[in-house]
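Just so it is clear, none of the values below were taken in a lab; they were calculated from the coordinates. As the structure is a computational prediction, the values presented were derived from the model and not from experiment. Neighbour counts are summed over all protein chains in view; Cβ atoms, including those assigned to glycine, are modelled from backbone coordinates with ideal geometry.
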Amino acid sequence: MRIKQIKIGKVRIPLKTPFKTALREVDTAEDIVVKVIADTGEIGWGNAPATVVITGDSHESVVAAINEFIAPQIIGMNIEDLEPICQRINHAMVHNTSAKAAVDIAVHDLFGQYYHMPLYRFFGGKCDCITSDLTISLNDPAVMAADAEKAIQRGYTTLKIKVGNDVDLDLVRAAAIRKVAGPSVRIRLDANQGWKPKEAIRIIRQMEDKGLDIELIEQPVIAHDFDGLKFVTDHVATDIMADEAAFSPQDVLRLLAMHACDFINIKLMKAGGLHNAFQMASIATASGIDCMMGCMLESKVGITAAAALSAGCGCITKNDLDAADLLAADPVKGRRLL
């Protein structure tokens, strides 16, 4: 089975409610969809949302990267040669991780089809079922508390709360949500780089003193400030997770060597696909560190790929794969777009 052709499309999917973080606000998920077509007729599916404020990738840059640089490198290659294909994707150009991820996911899809093997087994076969949290968008405390209550009524037992645009108001948000959630619901906070190191320590210690029982804090400081992230990690009792700071296996190696965080959030769109994400998980495993499997606003194509890696890898013990549940419509059935 050889790669014969790569086709690119785009889907626009309205969200149930606007998705708000300290970095952006969107009301529609717009994803680039990739079809890697084999000479035998099978199709591998991949996708990538454009998340300019995190990866720096736009829809136009993703399409151009695939058409002009990635596709010419892998067309004609045998799908059995997975490692060489992934190396060519990685080395086709620097950065452009979303474009690389879309093609990498489609290639892995074809690889699994060729060997009649679910990808979660290829990545280790830990389990065949995972559980995700649900994200509560950044809003006024009362609105966020109401949204949290609705999520709990729907059966969610873990909530990921967006904070980071006002450090003192963030304390009010966390307290309001803990009040409606009660003691049995796990609460995670994601500051999306919104705090400075010293104010992060101040606000986290206040949350600890108030007994808000926050499971972890995700990316409290700006992504490039590894020293600041370590400073926070060293001075609070609450676990700290690196997200935007952890784009590559090299980033993970440096973060863990510095003891800069307690967890790593792996996302396919940051890593450049399953190949690099699995390397990140392997480094974490060797370091005795657990990971979360996260996502951007992917359709079920990308979410399914991320879920496969999570279900395979033993070190991925938490999941933030709720993007599909945020969509008002579902254009995906199995591996096919309707």
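Highest-first packing order for the peptide set 164-171, 197-204, 295-302, 277-284 is 295-302, 277-284, 197-204, 164-171, based on the mean count of other beta carbon atoms within 10 Å.
What percent do you get for the relative contact order of the chain when only Cα pairs under 8 Å and 6+ apart count? If you can, show how the numbers build up before the last one.
Values: 754 pairs, mean separation 63.3, N = 338.
Over the chain, the number comes to 19 percent.
For the chain, a Gaussian network of Cα nodes joined below 10 Å ranks Glu215, Glu244, Glu68 by mean-square fluctuation, and the top entry is Glu68. Taking amide H atoms as placed 1.01 Å from N in the peptide plane, the amide H of Glu218 lies under 5 Å from those of Leu189, Asp190, Ala191, Met241, each 5 or more residues away in sequence or on another chain.
Inter-label distance, His259 to Lys150: 4.4 nm, where each label sits 7 Å from its Cα along the C-beta direction.
Taking Cα pairs under 8 Å and at least six residues apart, what relative contact order does the stretch 42-196 come out at, in percent?
On the way: 189 pairs, mean separation 30.1, N = 155.
Relative contact order for the stretch 42-196 comes out at 19 percent.
Mind checking the angle between helix 82-91 and the chain's longest principal axis? C-alpha axes, 0 to 90 degrees, to the nearest 10. Relative to the chain, helix 82-91 is tipped by roughly 70 degrees. Principal axis analysis of the Cα atoms in the chain yields extents of 61, 42, 36 Å, listed in decreasing size. Remark: the stretch 137-148, residue by residue, has Karplus-estimated 3J(HN,Hα) of 5, 5, 7, 4, x, 5, 5, 5, 5, 5, 5, 5 Hz, where x stands for each Gly or Pro and the curve is 6.51 cos²θ - 1.76 cosθ + 1.60 at θ = phi - 60°. For the stretch 159-170, putting each phi into the Karplus relation 6.51 cos²θ - 1.76 cosθ + 1.60 with θ = phi - 60° gives couplings of 10, 10, 9, 7, 9, x, 9, 7, 4, 6, 5, 4 Hz, in residue order, rounded to whole numbers and with x for Gly and Pro. Computed from the Cβ-Cβ distance with R0 of 22 Å, the FRET efficiency linking Arg186 to Asn139 stands at 0.60. Note on the stretch 121-337: antiparallel DSSP beta bridges, both residues inside, total approximately 10 percent of the bridges counted. By the count of other C-beta atoms within 10 Å, a proxy for reagent exposure, Tyr115, Tyr156 are ordered fewest to most as Tyr115, Tyr156.
So which of Lys100/Lys318; Lys210/Lys300; Lys16/Lys196; Lys100/Lys198; Lys10/Lys230 end up more than 30 Å apart, counting from Cα to Cα? Spell out each step's value before the answer.
Details: Lys100/Lys318 24 Å; Lys210/Lys300 38 Å; Lys16/Lys196 32 Å; Lys100/Lys198 36 Å; Lys10/Lys230 39 Å.
The pairs that break the limit, which is 30 Å between Cα atoms, are Lys210/Lys300; Lys16/Lys196; Lys100/Lys198; Lys10/Lys230.
With respect to the chain, whose longest principal axis is taken over its alpha-carbon atoms, helix 226-235 is tilted by about 40°. A simple packing score, the average count of other Cβ atoms within 10 Å per residue, orders the peptides 232-240, 305-313, 48-56 as 305-313, 48-56, 232-240, with the highest score first. Spread over its residues, the convex hull of the C-alpha atoms of the stretch 191-338 is 112 Å³ per residue. Think of it as helices only: each DSSP H run of n ≥ 4 in the chain is worth -39500 (n - 2.57), and spread over all residues that comes to -12000 deg cm²/dmol at 222 nm.
Dimensions of the stretch 1-113 based on its C-alpha atoms, expressed as ranges along the principal axes with the largest first, amount to 43, 28, 20 Å.
Mind running the shape call on the stretch 135-214? Use the C-alpha gyration tensor, a ≥ b ≥ c as the square roots of the eigenvalues: rounded below 1.5 for a/c, prolate if a/b tops b/c, oblate otherwise. Because a/c hits 1.5 or more and a/b exceeds b/c, the stretch 135-214 counts as prolate.
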